[in-house]
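J.: Mind having a look at this structure? Questions to follow.
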Amino acid sequence: MHAVVSIKQVPDTSEVRIDPRTNTMIRSGVPSIINPEDVHAIEEAVRLKERFGGKVTVVTMGPPQAAAAIREAISIGADEGIICGDRGFAGSDTLATSYVVWKAIERINREEPVDIVLCGRQALDGDTGQVPPGVATRMGWPQLTSVLKIDAIDFE
């Protein structure tokens, strides 16, 4: 069983400051964390690995600092992580993000077949929930949302 988990670094909401002039979040100096919903996806993937054997790969799109999120995911139990990073990705919307994540999963799948992709429900900073369905659609895979627990997987 090979599970891929899409994760995102988001600003730690306990440290958020708003610029009074622009009414936008000041990201400078704000620590980043793995999106809490994505942590749940990592934990479920690790449970699946423990139950069925296999491997967990995390993938994220971001700058080199995203390596901290990869290290944290590995400390939770993921086996490896991949950062999709390019200056051209800065400020990407959900359509572009789902495309990049899909291409990463497509490449991973060529090297080692992927059985399941897990994603958090939505990110704290955008709150759109659009990347997971975008990835599933591009992959041509069915999508289940708001899953609380996975009891069985049919690998056939």
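J.: Is it true that Ile34 is among the β-branched types (Val, Ile, Thr) and either farther than 30 Å from Ile153 by Cα or crowded, with 21+ Cβ neighbours inside 10 Å (or both)? Please lay out each step first, then the result.
T.: Values: among the β-branched types (Val, Ile, Thr): yes; either farther than 30 Å from Ile153 by Cα or crowded, with 21+ Cβ neighbours inside 10 Å (or both): yes.
Answer is yes for this residue.
J.: Further, regarding this structure: Which members of region 8-24 meet the condition of being surrounded by fewer than 14 Cβ atoms within 10 Å (Cβ to Cβ) and either outside any loop (DSSP other than H, G, I, E, B) or in contact (Cβ under 8 Å) with a residue 24 or more places away in the chain (or both)? Spell out how you get there, then give the answer.
T.: Of region 8-24, the ones surrounded by fewer than 14 Cβ atoms within 10 Å (Cβ to Cβ) are 12-24.
Once the filter is applied, which keeps residues that are surrounded by fewer than 14 Cβ atoms within 10 Å (Cβ to Cβ) and either outside any loop (DSSP other than H, G, I, E, B) or in contact (Cβ under 8 Å) with a residue 24 or more places away in the chain (or both), region 8-24 yields Thr13, Ser14, Glu15, Ile18.
J.: For region 83-93, state whether one or more residues are under 13 Å from the mean Cα position of the chain (by Cα) and crowded, with 21+ Cβ neighbours inside 10 Å. Please lay out each step first, then the result.
T.: Going residue by residue through region 83-93, those that are under 13 Å from the mean Cα position of the chain (by Cα) are 83-84.
Now drop any that are not crowded, with 21+ Cβ neighbours inside 10 Å, which leaves none.
No, the conditions are met nowhere in region 83-93.
J.: Take the residues of region 8-30 that are under 30 Å from Met139 (Cα atoms) and not polar (S, T, N, Q): which is modelled with the lowest pLDDT?
T.: Pro11
J.: Is there any pair linking a residue in region 50-67 that is without any contact (Cβ under 8 Å) to a residue 40 or more places away in the chain to one that is surrounded by fewer than 17 Cβ atoms within 10 Å (Cβ to Cβ) and part of a helix (DSSP H, G or I), with Cβ under 9 Å and at least six apart or on different chains, and which?
T.: Listed by first residue and then by second, the contacts come to Pro63/Arg87; Pro63/Phe89.
J.: Just the residues that are free of Cβ contacts under 8 Å to residues at least 60 places away in the same chain, part of a loop (DSSP other than H, G, I, E, B) and closer than 22 Å to Gly54 by Cα, please, taken from region 97-146.
T.: Trp141, Pro142, Gln143, Leu144
J.: All but one of (1) within 22 Å of Ile33 (Cα to Cα); (2) at pLDDT below 90 hold for Gly81, so report the exception by its number.
T.: For Gly81, the failing item is (2).
J.: Kindly list, by first and then second residue, each pair from a residue in region 72-83 that is in contact (Cβ under 8 Å) with a residue 12 or more places away in the chain to a residue that is surrounded by fewer than 17 Cβ atoms within 10 Å (Cβ to Cβ) and hydrophobic (A, V, I, L, M, F, W, C), limited to pairs with Cβ atoms under 7 Å and residues at least 6 apart or on different chains.
T.: The qualifying pairs are Gly81/Ile74; Ile83/Ala67.
J.: Given the conditions (1) out of contact with any Cys (no Cβ under 8 Å at 6 or more places or on another chain); (2) within 18 Å of Gly129 (Cα to Cα); (3) modelled with pLDDT of 85 or more, report the number of the one that Val5 does not fulfil.
T.: (1)
The values are calculated or read from the model by the stated rules, or taken from the named source; none is laboratory data. This structure is a prediction, so every number in the text was calculated from the model and none was measured. Heads up, the Cβs are rebuilt from the backbone with ideal geometry, glycines too, and the neighbour counts pull from every protein chain shown.
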